[in-house]
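FYI, it's all coordinate maths here, none of it is from the lab. Source: prediction; values computed, not measured. Glycine also receives a Cβ, built like all others from the backbone with ideal geometry; neighbour counts cover every protein chain displayed.
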Amino acid sequence: MSTPTTTHLARINAADTREAVTRFLRNFLAEKRREALSSRTERLPDVLLEFLTGGKQIRPVLTVIGWVAAGGTGEREPVIQAAASLEMFHAFALIHDDLMDNSDLRRGRPTAHRRLAGGERSPEAERFGASAALLLGDLAFTWSDEILHRADLTPGQFAAVFPIIDEMRNEVMLGQYLDLRDTGKLSDDVDTALTVNRYKTAKYTVERPLHLGAVLAGADAETLAACTAYAIPLGDAFQLRDDLLGVYGDVDRTGKSTLDDLREGKNTALVALALRAASPRQAARLRRLIGDPGLDEAGAEQVRDVFADTGARDAVEEMIEARYRQSVKALEEAPFTAEAIDALQDLARSATRRTS
């Protein structure tokens, strides 16, 4: 392992990475605004920039960490551009996810389809907002490709990057389909809930960004395997934390309602664990309340009571802790640079103990 240097530490600083990615995306979308077909389409880059503002940018940060972990040196800008392409792809995924979930809030602001509907709730305005958001998500997907193709990568880097990007896209789309298919069909099958989480979020959030950065540095099979050993348990823990925040989070911190997942009938590990341990009366209450589009805070509190009484909430916390420890332990034998290991340890702590 290499000895940490000031140069490496500067490259791996999360705040610096977020700032660089945000600056790139702001400039890219300003360019798209100038190229707009007419004054009526200038709005779309503006809405997308607003949507991108305020995100955690965990994927870009992990891309840079993966690059440093595999011994990356030299100019950072191509790595930042590749990282920015992931953030743009993430915007696509969230815009479509909010549309499918009919969510009102994202990061404390109106979701893209609500924003594009102009705040109106008439059938015509909502139909326009949904259709426009679908197209905006498609634009974000297209622009994520454009950003990556315009990065100053070598032919060898391009050849290594695109199989990872293709696999990531397949995983997140199929995971989203499974989530959509299972929503509203409550089950006590914890393994199925975890599988959906892994493909919809875990691999896409942690494993593939690390892989992307690592192959940009010329990583070998051993290094990529070490990325996976760290990433999979952490990605699982990240989504489990998200499940808890979706029910117990502070909306001022998460920027998202604590009723959406319950109203949609999301079949999370938390729900599955509660159903598995519930009495017949408790199970009937969960099935009556979860998935009710009119669920109010009083009903949600009844659901939370069952989660507590069945031990489901505590069980999810234990699952998060076990996966956090597994992830950090994987770093003990990882052939990463020392500064990358430090950064990955810090990220594991923050990702699993976050409140937003």
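Give the shape of segment 224-356 as rounded, prolate or oblate, defined through the alpha-carbon gyration tensor: a ≥ b ≥ c are the square roots of its eigenvalues, a/c under 1.5 means rounded, and otherwise the shape is prolate if a/b is larger than b/c and oblate if not.
Prolate.
What's the exposure ranking of SER356, SER144, SER279, going from fewest to most Cβ atoms within 10 Å?
SER279, SER356, SER144
Measure off 7 Å from each Cα along the Cα-to-Cβ vector at ARG181 and GLN345, then give the distance between these two points in nanometres to one decimal.
4.2
Could you give the length gained by full extension between GLU222 and ASP314, i.e. 0.36 nm per residue of separation minus their alpha carbon distance, to one decimal place?
29.6 nm
Using θ = phi - 60° and the Karplus form 6.51 cos²θ - 1.76 cosθ + 1.60, what ³J(HN,Hα) does each residue of segment 164-172 get, whole Hz, x for Gly and Pro?
Result, rounded to whole Hz: 5, 4, 4, 5, 4, 5, 4, 4, 6.
Would you mind getting me the FRET efficiency between LEU134 and GLN302? Use the beta-carbon distance for r and R0 = 30 Å, nearest 0.05.
For LEU134 and GLN302, the calculated efficiency is 0.30.
Using Cβ counts within 10 Å as a stand-in for footprinting exposure, how do ILE290, ILE58 rank, fewest first?
Starting with the residue having the fewest Cβ neighbours, the order is ILE58, ILE290.
Sequence-distant or interchain residues sharing an amide H contact under 5 Å with ARG106, placed H: which?
For ARG106, the qualifying residues are THR111.
Given a Förster distance of 41 angstrom, what is the FRET efficiency for SER257 paired with ASP152, based on the Cβ-Cβ distance and rounded to 0.05?
0.45
Rounded to whole Å and sorted largest first, list the principal axis extents of the Cα atoms in segment 1-143.
61, 31, 20
What order do you get for ARG285, ARG208 when you list them from fewest to most C-beta neighbours inside 10 Å?
ARG285, ARG208
Mind giving me the nanometre distance, one decimal, between the label points for ASP292 and MET100, set 7 Å out from Cα along Cα→Cβ?
2.6
With N set to the residue count of the chain, report its C-alpha Rg divided by 2.2 N^0.38 Å to two decimal places.
1.01
Ratio of alpha-carbon Rg to the 2.2 N^0.38 Å globular estimate for segment 18-84, to two decimals, please.
1.31
What list of ³J(HN,Hα) values in whole Hz, one per residue of segment 202-217 in order, does the Karplus curve 6.51 cos²θ - 1.76 cosθ + 1.60 (θ = phi - 60°) give from phi, with Gly and Pro shown as x?
4, 5, 6, 7, 10, 5, 5, x, 4, 4, 4, x, 5, 5, 5, 9
Grab the beta carbon distance between SER122 and ASN27, set R0 = 51 Å, and tell me the FRET efficiency rounded to 0.05.
0.90
Please list 3J(HN,Hα) in residue order for segment 27-35, calculated via the Karplus relation 6.51 cos²θ - 1.76 cosθ + 1.60 where θ = phi - 60°; whole Hz, with x for glycine and proline.
5, 4, 6, 5, 5, 5, 5, 5, 8
Report the Stokes-Einstein translational diffusion coefficient (µm² s⁻¹, integer) for segment 131-257, Rh taken as the Kirkwood radius over Cα pairs, at 4 °C with viscosity 1.567 mPa s.
Translational D for this selection: 78 µm²/s.
Pairs of alpha-carbon atoms within less than 8 angstrom and 6+ residues apart define the contacts here; what relative contact order does segment 25-151 have, in percent?
Value for segment 25-151: 26 percent.
What residue among ILE232, PRO78, GLN57 has its Cα farthest toward the positive end of the dipole of the chain, where the charges are +1 on Lys, Arg and -1 on Asp, Glu, each on the Cβ?
So the residue furthest toward the plus end is GLN57.
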